[in-house]
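Here is the structure we will look at, set down as structure tokens.
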Amino acid sequence: MDKGSLFSLALTYLGERSYVAGSPSAEACDLVAQHCIGLALDYTSWTFAMAMTFLDLSSGSARLPDDCLRMISLDVARFERMGNVIYSDDHREAVELRYMSNIMVQSVALPDDEPSFCEGVALLLAAKVAPRLVSNANVAVAMEQAAWQMLSRAKLKDAQQVDSNDQSPGAHSAAYARDLHPIYLS
């Protein structure tokens, strides 16, 4: 989903008929779009936003990739992170790093094959621009609640895809969500 489609969807939730570049509503979306995508990515470890690379720690330190939003795992026993630099006494040349990438934030482009995630981001965007465009403050609250519910559904779908097998796709995740997190199914 490109920037224009995201803005159009968010604005339709607020009753606007279309997205017009340069309009006050488009400018409001532009101000908070990256923030909204970042919030959605911070919600959980989305498999479609994960990246993997190898760091060279032979000198005792290495810079994180520029697109590293959040570290998931680093294949060393002990390390310290200061800003975007990793320090470790494990002097291997190839240490595996798994992380959440912020490429979607930088490009304001969302994966087309994740419609629930895209809709959740659009609802979150609508919630953040609502105070600038509508006079009813309850609209922003309702949009934000709807956004987090949609992101919860997207999270469940993402977990089901990871945990699925050929005999029973998603059975484990669905049972887990049903037993422990009933809000995901609402």
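The values are calculated or read from the model by the stated rules, or taken from the named source; none is laboratory data. Note that the structure is predicted; figures quoted are calculated from it, not measured. Here the Cβ is made from the backbone with ideal geometry for all residues, glycine too, and neighbour counts use every protein chain on show.
Residues considered: Cys36, Cys29. Of these, the only one that is surrounded by 20 or more Cβ atoms within 10 Å (Cβ to Cβ), farther than 25 Å from Lys157 by Cβ and in contact (Cβ under 8 Å) with a residue 24 or more places away in the chain is Cys29. For Phe48, the criteria (1) surrounded by 12 or more Cβ atoms within 10 Å (Cβ to Cβ); (2) free of Cβ contacts under 8 Å to residues at least 40 places away in the same chain hold in every case but one, which is (2).
Of a type in the set (S, T, N, Q) and assigned to a loop (DSSP other than H, G, I, E, B): does that describe Ser45? Yes: the conditions hold for Ser45. For Arg81, the conditions (1) farther than 30 Å from Gly60 by Cα; (2) at pLDDT 85 or above; (3) surrounded by 12 or more Cβ atoms within 10 Å (Cβ to Cβ) are fulfilled apart from (1). Given the structure, is Leu124 surrounded by 14 or more Cβ atoms within 10 Å (Cβ to Cβ) and in a loop (DSSP other than H, G, I, E, B)? No, not satisfied.
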